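Just below is one structure, and these are the notes that go with it.
The values are calculated or read from the model by the stated rules, or taken from the named source; none is laboratory data. Computed from a predicted model, the values in this text were never measured in an experiment. Heads up, the Cβs are rebuilt from the backbone with ideal geometry, glycines too, and the neighbour counts pull from every protein chain shown. These area figures cover heavy atoms from the full protein model, side chains too; ligands, DNA and RNA do not enter into them. Shrake-Rupley method; radii C 1.70, N 1.55, O 1.52, S 1.80 Å.
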Amino acid sequence: MTRAAALPHQGAIQALRFSARGLWRDLRAADVRALFVALMLAVAASTMIGFFLDRLDRGLTRQAGQLLGGDLVLEQGQPFSPELRRTLEGAGLTLSDQVDLVSMASLGDAFQVTSLKVVDDVYPHYGQVLVDRGAGSEAQARGPAPGEAWLAPRLALLLEAELGDRVRIGEVELTVSGLVEREPDQSAGFGNFNPRLMMHLDDLAATGLVQPGSRVEYELLAAGPPDALNGLDSLLEALRRDGVEVRDVRRDRPGLGNALDRAERYLSLAGLAAVLLAGVAVAMATRRYVDRHLDTAALLRCFGATQRQLTRLFALQLLWLALVAAALGALLGLAGQALLLGLLSAFLPLTLPAPGPLPLLLGVLTAVAVLVGFAGPTLLRLKRVSALKVLRRELDPLPPSAWLVVIVASLVFGALLWLYSGDIGLASGLLLGGWVMLGLLWGLGRGLLALVLWLVGRLPAGQGGWGQALRLGGRQLARRRDASLGQMLAFAVTFFAMAMIALVRGDLLTTWQAQLPEAMPNYFAINIQPAERESFSEVLEARADDRTSLYPMVRGRLTAIDGTPAREAVPAEARGDNALRRELNLTWQETLPEGNRLVAGRWFSAEPVRGEPVPISLEDGFAERLGLGLGDTLTFTIGGREVSGRVASLRNLDWDSFRPNFFVIFPPGTLDRFGHSYITAFYLDPGEGETLRGLVRDFPGVSLLNIDAILAQVRELVAQVTRAVELVLALVLLAGVSVLYAALTASRPVRAHEGGLLRVFGAGTRTLSRVQGAEFAILGLASGLMGVLLAELATAGLYALWFDLPPRPHPLLWLSLPLGGALLIGAIGHFLSRGLRREAPMASLGLLGET
Amino acid sequence: MVDSGERRLTILSDLALEVFPGESVAILGQSGAGKSTLLGLLAGLDTPSGGRLELFGQSLAALDEDGRAALRAGRVGFVFQNFQLLPTLTALENVLLPLELSPQRDGEARAREWLERVGLGERLDHLPKQLSGGEQQRVAIARAFVTGAELVFADEPTGNLDPTTGARIIELLFRLNREAGTTLVLVTHDHALARRCQRALRLADGRLAPLALDEVEA
């Protein structure tokens, strides 16, 4: 009696040990291995992509901090108060002061307007300055010492300065001790054309440049632990309202550019596709697992196991499986993300932070969720098994309704979607869409099966050959209608996920390549004077590929909106916006520039009528930031005079285009009277060195910027992102094959039974092989057809909603997927049933337990 | 009674049977006479639609399925016609299975010992498909006795075996039964097997009738 009484209190450790041992033994079975592989792939895919995106995200935040010069940068026209400093330091931030002003630098009789960057001992918070101090480029984590000046190479050239020379700034002389090749916090822009001179804060007072009324920008750069900024939001808000420009690493991250942004989306999508595929594989493998364990469960019932013990035993067994699969999957994921990073190495010069624990947790959670969602309802069947089954084999508990399985699985998958995307709208939308599609597929599948049956009934009756095989195979499929429908759905979803990931990849690559034609403009020319315009154009037309026209450029400050001072008219959080603090580059154009797209209003048709407000066009992002809309009147101050315009249209433009882009465009005839210069971008073949020298010689005032290096970097980025995308595609395809394998493994016993019967009735190996081949091929063909339909619908939706790409049909896929499906399923099926065909009928019939 | 949907089928009725500790009882009957149904009821695998059933002095009607399972645990062993070995487990693991429900320290040693007693000491790691029918049934017998069961039910234990092998299995079953002092309830249509029991009963038309051992035909 004691043992019986001990049963309900069976120790947890013993239960764990028993279940682990059970699982270990179970690894001999194909379905458990399929389950294991599927779970492992789900975790590997999700952690690989999770690790990668997490590290990339944190790395980009850090890089953003480097570009900004700190995690938080405050800028205003007067020194910052000690109270503010104390508050920031109290929040755990380290502070660094910087002062920016424009002044004249002189050496001998050479004078040059320079942009001074005055730094302290803390500079820079992040990154290093690349400086040549006489011994070639070296990286320095500091600025110039007191008494020294570091010059941009262009300034050194203009002043004809050499290392050791004394250059005069205001009332002091500083020793030139270095040439700055790159500042870590340099943000490239065309707003600041004056060459840089970097000096120490201690020397600033002595220059005498800081006088009441002089234009000086004070910057307070703060750096600290990632969460140091979180408590400061209300303070920052107040500062913005006071007109302080606040740059916050959490908000002002530089864009990744469309290519990497879309690649991120692609990776997330592919990760989810892999999880979905693995889920389908788990669902298929679980059916076989449960079928196989009904006997175990019945025997254990016989030996005295309670329902609770059975539930615990199988739950623990599968939990072990999930944990081991998750651990291995996570390791694979770690290796995979390292590979991804390796592929993207040249693009990511930043050292990424080490992998964090979050993706690992998510990976384990994914494994358990997939197991519970896709296997749970099926597993409950084991609990309901009767002990009497040991005496009466037919006493199997009914399998759960297919719809219950689908609903539970899709709810869990929906929850995962939500978790990964953080977007409940997207998750529930996809879930609903998924249900509708499954319903459609179910109907379509039934129709296809009926069609198959009808078709094979019309095949010419003959002995032997493929006709007979198709007839028999088709009949077998149609006869097991529910099982076949289940398989068709699983295969269709698999083909759909594989095809979709492949399609999106192809379309992304095409789009990227179209964005980067061979002859992209690789030079910018700025500061072309009106008198030089004609002759400069002539040279370009003759020698270079002039892709964009010459844009006139006038510098003006936005001073009022609808008659109210601009700083008061904009939303509080935009009061410190750069656009209000600096001069903007304004232009005039008759037609909408290439690469711009109107999103609201109308393009001005002709020169403005006198007395009517001047229509202007704004870039939509600029308008949104400053809270501007159609009909608002903007007043600009240009060289002391005012000019106003009413917003007539908003434009969307591609900042990745490597062309001159403008926030504000006027119609011709308004700005011409102000002092202006021209800007253009053009492509110059690397072999045209002579043309380039001619341009420099004939137009000494024009600044030529070569962006070949940046272009090469972008091309390299696209190449690398392509490789990363391909790696992920391979992973998804692998997950797909694992589904097919799991599903075909699950149906092996039934096929073995049918094969055995055909054998008994006198079918030879050849006939058997053909019948099975025909069955698999029909299955693959029908699933491929359903998959391609799903893929077309889903990609069209995704392109429109998520990738911002135009939808396009893929006619080739309608041929390749059904045929490829027939071949793939045929091949895997043939391989898996190879052993079956060699078995004697007794053995294959025995597989079903018939003795 | 079995409710087949259209009509009710009475399989067993007006049936009284008491089995005492240490006794061996054979229940004989034609195929389809309800022998397996009776066995299922006796072991608490199934519940009767009427009547009273006690196992180890405890009324089975008062227990739910889990309660009946708990009553069986460790105290009841089974030998089946089709062996009921799990195909993915080795001989040793199959014998260990009932022990693992109420684990004991020396479980594995006991399983080995029982496999040696049935003459399979050298085949511990073999899977069922690597064993002959007779060997598989020996594994099943070791599994039935390994928990120190007080009561063993055997359902046509020789039904799937050739006569020579069957005879050896009978020999083994009764030797172990004697040595362990177990109560044995055998369901069979094999008269040779029935004759080895202390008591034999015939099941026909849903009723049990005692059968003098010398009445059992040779």
Spin-label zone in region A:518-542 - amide nitrogen under 17 Å from a point set 7 Å from the Cα of A:R697 along the C-beta vector: A:536, A:539-540
Helix A:257-302 sits at what angle to the longest principal axis of chain A, using alpha carbons and giving 0 to 90 degrees rounded to 10? 20 degrees
Using a 7 Å offset from the Cα along the Cα-to-Cβ direction at both A:R182 and A:T510, what is the distance between the two label points in nm, to one decimal? 3.6 nm
Work out, step by step, the length gained on full extension between A:A483 and A:Q78: first 0.36 nm times the residue separation, then minus their alpha carbon distance; give nm to one decimal. 138.1 nm
3J(HN,Hα) from dihedral phi, region A:37-44, Karplus parametrisation 6.51/-1.76/1.60, rounded to Hz, x for glycine, proline: 4, 5, 5, 4, 5, 4, 5, 4
For a quick check: with amide H placed at 1.01 Å from N, whose amide H comes under 5 Å from A:I616's, ignoring anything fewer than 5 positions away on the same chain? A:R646, A:V647, A:A648, A:S649
So if we plug the beta-carbon distance of A:L630 and A:L426 into 1/(1 + (r/R0)^6) with R0 = 30 Å, what FRET efficiency do we get, rounded to 0.05? 0.50
Go through region A:277-303 and flag every residue whose accessible area shrinks by 50 Å² or more with all protein chains in place compared to the isolated chain (probe 1.4 Å). A:L299, A:R301, A:C302, A:F303
Estimated distance in nm for a label pair at B:A204 and A:T559, the labels positioned 7 Å out from Cα along Cα-to-Cβ: 12.3 nm
Dipole in debye (nearest 20) - region A:571-652, about Cα centre, beta carbon charges: Lys, Arg +1; Asp, Glu -1: 100 debye
For chain B, what % of the accessible area comes from carbon and sulfur atoms, probe 1.4 Å? 46 percent
Calc'd 3J(HN,Hα), region B:32-45, phi into Karplus 6.51 cos²θ - 1.76 cosθ + 1.60 (θ = phi - 60°), Hz, glycine/Pro = x, comes to x, 6, x, 4, 5, 4, 4, 4, x, 5, 4, 7, x, 7
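Placing +1 at every Lys and Arg Cβ and -1 at every Asp and Glu Cβ, with all other atoms neutral, what dipole size does region B:20-212 have around its Cα centre, in debye to the nearest 20? Don't skip to the answer; put the middle values down first.
Working: 21 positive and 23 negative charges, 105 e Å.
Value, rounded to 20: 500 debye.
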Taking every DSSP beta bridge that has both residues in the protein assembly as shown, what percent is antiparallel when rounded to the nearest 5? 70 percent
Tabulate in residue order the Karplus-calculated ³J(HN,Hα) for region A:582-595, using 6.51 cos²θ - 1.76 cosθ + 1.60 with θ = phi - 60°, rounded to whole Hz; enter x for Gly and Pro. 10, 6, 9, 8, 9, 9, 10, 8, 7, 10, 5, x, 4, x
For the protein assembly as shown, what is the calculated [θ] at 222 nm in deg cm²/dmol (nearest 500), taking -39500 (n - 2.57) for each run of four or more DSSP H residues and dividing by its residue count? -16500 deg cm²/dmol
Taking the Cα atoms only, what angle lies between the long axis of helix A:481-515 and the longest principal axis of chain A, rounded to 10 degrees? 20 degrees
Any idea what angle helix A:689-698 forms with the longest principal axis of chain A, computed on alpha-carbon atoms, 0 to 90 degrees, nearest 10? 30 degrees
Given a Förster distance of 60 Å, the FRET efficiency implied by the Cβ-Cβ spacing of A:E217 and A:L323, rounded to the nearest 0.05, works out to 0.60
With +1 on each Lys and Arg Cβ and -1 on each Asp and Glu Cβ, how big is the dipole of the protein assembly as shown about its Cα centre, in debye rounded to the nearest 20? 5800 debye
Region B:20-212, relative contact order [Cα under 8 Å, separation at least 6], %: 36 percent
Between B:E23 and B:D106, Cβ-based FRET efficiency (R0 25 Å, step 0.05) works out to 0.30
Mind listing, in residue-number order, the residues in region B:40-72 that have at least 30 Å² less accessible area with every protein chain present than in their own chain alone (1.4 Å probe)? B:L45, B:D46, B:E65, B:D66, B:A69, B:A70, B:R72
Along the charge dipole of the protein assembly as shown, which of A:G473, B:A140, A:L158 sits closest to the positive end, that is, farthest toward it, with unit charges on the beta carbon of Lys, Arg, Asp and Glu (+1, +1, -1, -1)? B:A140
If you take every DSSP beta bridge fully contained in chain B, what fraction is antiparallel? Give it as a percent rounded to 5. 30 percent
Which percent of the accessible area of chain A is formed by carbon and sulfur heavy atoms (probe 1.4 angstrom)? 60 percent
Asked for the total accessible area buried by A and B (1.4 Å probe, Å², nearest 100), one would answer 3300 Å²
Inter-site label distance for B:A212 and A:D672 at 7 Å from Cα along Cβ, in nm: 13.7 nm
Provide the per residue accessible area, probe 1.4 Å, for the protein assembly as shown, rounded to a whole number of square angstrom. 44 Å²
In terms of modelled amide H atoms, which long-range or inter-chain residues lie less than 5 Å from the amide H of A:L584? A:G556, A:R557, A:L558
Less than 14 Å apart at the alpha-carbon level, and either on another chain or at least 8 residues along: which aspartates and glutamates does that give for B:K35? B:D46, B:D155, B:E156, B:D190, B:D205
Which residues qualify? For A:K117, with a placed amide H closer than 5 Å and at least 5 residues away or on another chain, they are A:L197, A:M198, A:M199
Projected onto the charge dipole of chain A (+1 at Lys/Arg Cβ, -1 at Asp/Glu Cβ, origin at the Cα centre), which of A:Y551, A:L584, A:G821 gives the Cα projection farthest towards the positive end? A:G821
